[in-house]
1. Let's see if you can work this out: charge +1 on each Lys and Arg Cβ, -1 on each Asp and Glu Cβ, no other charges. What is the dipole magnitude of the stretch 123-180 about its Cα centre, in debye to the nearest 20?
2. Give the Cα extents of the stretch 143-184 along the principal axes, in whole Å, largest first.
3. To the nearest 0.05, what FRET efficiency results for Ala172 and Gln49 with a Förster distance of 45 Å applied to their C-beta separation?
4. Give a residue-ordered list of calculated ³J(HN,Hα) values for the stretch 276-282 (Karplus: 6.51 cos²θ - 1.76 cosθ + 1.60, θ = phi - 60°; whole Hz; x for Gly, Pro).
5. Amide H of Val146 versus every other amide H placed in the peptide plane: which residues, excluding those fewer than 5 positions away on the same chain, fall under 5 Å?
6. Which whole-Hz couplings ³J(HN,Hα) result when phi for each residue of the stretch 146-154 is put into the Karplus expression 6.51 cos²θ - 1.76 cosθ + 1.60, θ = phi - 60°, listed in order with x for Gly and Pro?
Amino acid sequence: MTSLPMQHLGRLLALAMFLAALVGGGRDARADTAAAQALFDAARQLMAQGKYADACPKLEESQRLDPGIGTQFNLAACYEQLGRTASAWSTFLDVAGAAKAAGQLEREKVARQRATALEPRLIRLTITAPADAPADLQVKRDGALVGRAQWGTPVPVDPGKHTIEASAAGRAPFARTVDLARAGATETVAIPPLPAGAPARAAAPPASGAAQPTSGAAAQPTSGAAAARPTTGGAALAPVAGRAPAPPAQPLTRRRSKGMMVTGIVLTSIGAVALLGGGLALASTCSGSDCGSDSFEGSLDDESLDYLDEEDSGADAGYALIVGGLVFAGVGIPLAIIGGRRVPVEPEKKAASAPARSPELVLGPRYAGLRWSM
């Protein structure tokens, strides 16, 4: 029997993985397309009812899942109905470009006409910066970074409030909010020179255990627990420093048996390779209706009979590999699952493994001693 080289086996494995990924990717693409269509239909119904504020987000998500010229055109129309003139204008221009590339000349014409009709209503905002602005000056509009190329250029924006921010290292920040409502208006926001100095940082809290300065009499305790002090022979002992309650300790866990888990993984891998090898061995043997048939054995010469014997032995080897692979996988999978399961650490072992605490010196006004835990 002719055996397949290992490089062919590797190619078969790679092909199987590629097909599996292709099937999974196709399934995800179909799911996205179905969701996009459902969102588009729902948005169209909302637009027919005049609920444009609810329809626009659905069209945006539909366009994200499955981009299309028709969805983008409806999104631009939805923006226009909401009064978002700049968003509608730019989206109509995007539709015109996509329609031209797709050869949809009529849709391109309509989209350009809608964009042209919106231009007189556009509100433009100009942001200027001083000539000696620092090199690291950053300007943001509504949280989005505004590049230097846009400084001094009127940029169409949607009506409403817009916040302009400017910042640089070692300088006080600048912020201004403008409310733009008049159609066709142009507003300019000039960023002044930022004065030197950064906002002061809050003082860091004192380290735990550091002595706090007091003036005159000792500070009074603020809680009943702090006010109660143990006494010995009428003399008050030094107060014990309070500690914040420690968070509850998380239970320690470990794998039941790392060796069992590794053994199970190895056996499962051997079983998978054996199953694949057995399948390839059976596939490579002669499976025709006239191969090994008793009705033709009398007309075959010795060489042909030897070839049939080799084919039978190849089939036997394939079956043996399949059976062996099933056995290895059947033993390896339970071992990997049981050995990899996490179990809590027994308290006795945890206590035994904990290091013993060292003796602690305790001093008081009238005594001194050692304290330790067993």
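1. Dipole about the Cα centre, nearest 20: 20 debye.
2. Projected onto the principal axes, the Cα atoms of the stretch 143-184 cover 39, 21, 15 Å.
3. Calculated value: 0.35.
4. 5, x, x, x, 5, 5, 5
5. For Val146, the qualifying residues are Val139, Lys140, Arg141.
6. Using θ = phi - 60°, the values come out as 9, x, 4, 5, 7, 5, x, 10, x Hz.
Read the figures in this text as sums done on the coordinates, not as results from a lab. Because the structure is a prediction, the values reported are computed rather than measured. Positions of Cβ are generated from backbone atoms using ideal geometry, with glycine treated the same way; all protein chains shown enter the neighbour counts.
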